[in-house]
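Every read-out reported here was derived from the displayed coordinates using simple, explicitly stated rules and does not represent laboratory data. Keep in mind the model is a prediction, meaning the values are calculated, not measured. Glycine gets a Cβ as well: all are built from the backbone with ideal geometry, and neighbour counts include every protein chain shown.
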Amino acid sequence: MEMHFASVWETISDHIPDEPALICEDNIKSWKEYEERAARLANFLNEKSITNNSKVGLYLHNSNEYLEAQFATFKLEGVPINVNYRYVEEELIYLLDNSDSEAVFFQSSYAERIKKIADRLPNIKAFIQVGGKEPLDLENCYMYEEIISQNLPLERKIRSEDNIYMLYTGGTTGMPKGVMYKQGAFMNSLLKTAFAMGFDVPESHLDISKTVIELSSKGTLSKTIVACPLMHGTGMWLGALVPFFSGGSCVTIPQLGFDPDLLLQKVQDQKINNIVIVGDAFARPILESLNKAKNEGMPYDLSSLRSMISSGVMWSAEVKEGLLDHADITLIDAMGSSEGGMGSAVSNRENPAKTAKFSINPGVIVVSDEGEEVEPGSGQMGKIGTSGLVPEGYYKDQKKSDETFKVYKGVRYSFPGDYATVDADGTIKLLGRGSNCINTAGEKVYPEEVEEALKKHTQIIDSLVVGVEDKKFGQKVVAVVSSEESNLNADELVNFARSHLSGYKLPKEVIFVDEVKRAPNGKANYKWAKETADKYMQSL
């Protein structure tokens, strides 16, 4: 059997057909149902000439349907395209056109938006509506459940490990880009990730049957709940793909917006084993809800919980330590990007939690802007490069591919743009993306480092830091923060940060807002922060 998602999941469904695979509210689908429903969708897509390498947009909220539509696309050796449900008309047109999508699954709540842009997407052969009572008034629009009821399952086939898997990433600048991987290499990398995260997974596809049967007989198949969107890498890779390897189930919450109490209630009621989040944007509200419930004498039962896994943004030590006070679990802080994994930090009650400090994976290097590998303990900054799983490139963007995926000393690496220093013990401290770097009076300031220092203040909820044009310094450091205490002033906060930062890194201006805006996956919205800072500076 080739290392291909569809082939592996078909094998799992054959051996543990009655075990749960998908759980969304009261809608539970067994592995057999998961596979069969995907096969019926695949048959429909196949009749619409969606075949090998065809792109299929998934414009959906977290749901069973998202994962079924993705499985259906994999069955055809097609390429699922993750679509940000926050996108408006022009962004949707760009993404669906750039990806060469030929079909789109969409949430019924976005029907009017789809109707407005349908005539500008001539290559779409089918719009498939999830939910709603009536299909959108388009000639090529079909209802999701009707497709499943009216089509037989597509026959299985042998698939190639070279079939492309793609994830569109917004990055920090420019339009979204499709990062391409070969399925075989990508799946092997995810298997290693699963082991590092403590999941019971087979060592190869040949051991899948033995592993899932054994876990099922012991009643130890895992349940993982995805707090962040499936449309982003962290949610999909760590919340669905990794636990699926060992026959586990993916638990999703369809409501938009993060509700920590709802999440914790589901952990308690459904005996969840793993939670997937994205940094403090999710972890801090979870901690606040845990503290409140405990203070009110009604603590949540977290006895089933084994781990909480974060990736994509910094996860502060203070929040980690607070979580460990409530549950004896493993906290896994994964450092990586859509363009390649870099390292991880594991915390528990025996291992102190740290912020932005990681043990690097084998094959990871840090290279200075002068092209020399950074010496541990030198204090020199460099750009992180990862070998091993290196994407094939960006879809239809050779220039950007050549800039990011490069050969260094005979080895091909991915350099997605993250800077770091290397400590004497070989661990690295993440500084942030070079594209966000602030150049002030000739000194480089990385926003994430300043943000983390500000958030150490007990009354700061969240912070984003940007550079604003300045005649004297070129750029000045400006912080946009939200605070629990209305009496907290800028001078007090800056003076607090002095014990954590060099003087040139301190914010020259602090803007207090009701809420620091972030993307649905918890990642920083630097565009909003920059606009807020520019508007504030112009008003002075």
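What do you get for Rg/Rh over the range 438-539 if you use C-alpha atoms and the Kirkwood form of Rh?
Details: Rg = 12.7 Å, Rh = 13.6 Å.
Here Rg/Rh amounts to 0.93.
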How far is helix 89-98 tilted off the main Cα axis of the chain, in degrees rounded to 10, range 0 to 90? 70 degrees
Kindly rank 489-501, 272-284, 408-420 from highest to lowest mean number of other beta carbons found within 10 Å of each residue. 272-284, 408-420, 489-501
Charge dipole magnitude, Cβ of K and R +1, D and E -1 - the range 438-539, Cα centre, debye nearest 20: 380 debye
The range 5-183: radius of gyration and largest Cα-Cα distance (Dmax), Å: 15.7, 45
Quick one: Debye curve from the alpha-carbon atoms of the range 226-275 only, equal weights, vacuum; give me log10 I(q)/I(0) at q = 0.15, 0.17, 0.19 Å⁻¹ to two decimals. -0.38, -0.49, -0.61
If amide H atoms are built 1.01 Å from N in the plane of the peptide, which residues on other chains or at least 5 residues away come under 5 Å of the amide H of Asp462? Ser482
Extension gain, Asn525 back to Glu370 (0.36 nm per residue minus Cα-Cα distance, nm): 52.8 nm
Which lysines, if any, have their Cα less than 16 Å from the Cα of Lys177, not counting same-chain residues under 8 positions apart? Lys55, Lys396, Lys399, Lys400
By how many degrees, between 0 and 90 and to the nearest 10, does the Cα long axis of helix 208-218 differ from the longest principal axis of the chain? 80 degrees
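Report, in deg cm²/dmol and to the nearest 500, the calculated mean residue ellipticity at 222 nm for the chain, where each DSSP H run with n ≥ 4 adds -39500 (n - 2.57) and the sum is divided by the residue count.
Details: 15 runs with 164 residues, N = 540.
Rounded to the nearest 500, the figure is -9000 deg cm²/dmol.
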Would you work out which of Phe282, Asn82, Pro153 lies farthest towards the positive end of the dipole of the chain, given +1 charges on the beta-carbon of Lys and Arg and -1 on that of Asp and Glu, about the Cα centre? Asn82
FRET efficiency, 1/(1 + (r/R0)^6) with R0 45 Å, evaluated for Lys192 and Gln268 via beta carbons: 0.90
Going out from 0 in 10 Å bins, what whole percent of all Cα-Cα distances in the range 385-472 drops into each bin? 14, 31, 33, 19, 3
One would report the Cα pair-distance distribution of the range 206-298, bin width 10 Å, in %, as 16, 42, 28, 12, 2, 0
Subtracting the Cα-Cα distance from 0.36 nm times the residue separation, let me have the gained length for Lys48 to Asp423 in nm, one decimal. 129.5 nm
Give me the log10 of I(q) over I(0) for the range 104-254 at q = 0.12, 0.14, 0.21 Å⁻¹, as the Debye formula computes it from C-alpha points; what are the numbers? -0.75, -0.98, -1.33
Per the chain, sqrt(5λ) over the Cα gyration tensor eigenvalues, sorted largest first, in Å, gives 38, 26, 25
Global geometry of the range 494-540, whether rounded, prolate or oblate, following the gyration tensor of its Cα atoms and the 1.5 cut on a/c: oblate
Burial-style ranking of 427-439, 140-152, average other-beta-carbon count within 10 Å with highest first, yields 427-439, 140-152
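Can you figure out the FRET efficiency of Lys472 with Leu152, using R₀ = 56 Å and their beta-carbon distance, to the nearest 0.05?
The formula returns an efficiency of 0.20 here.
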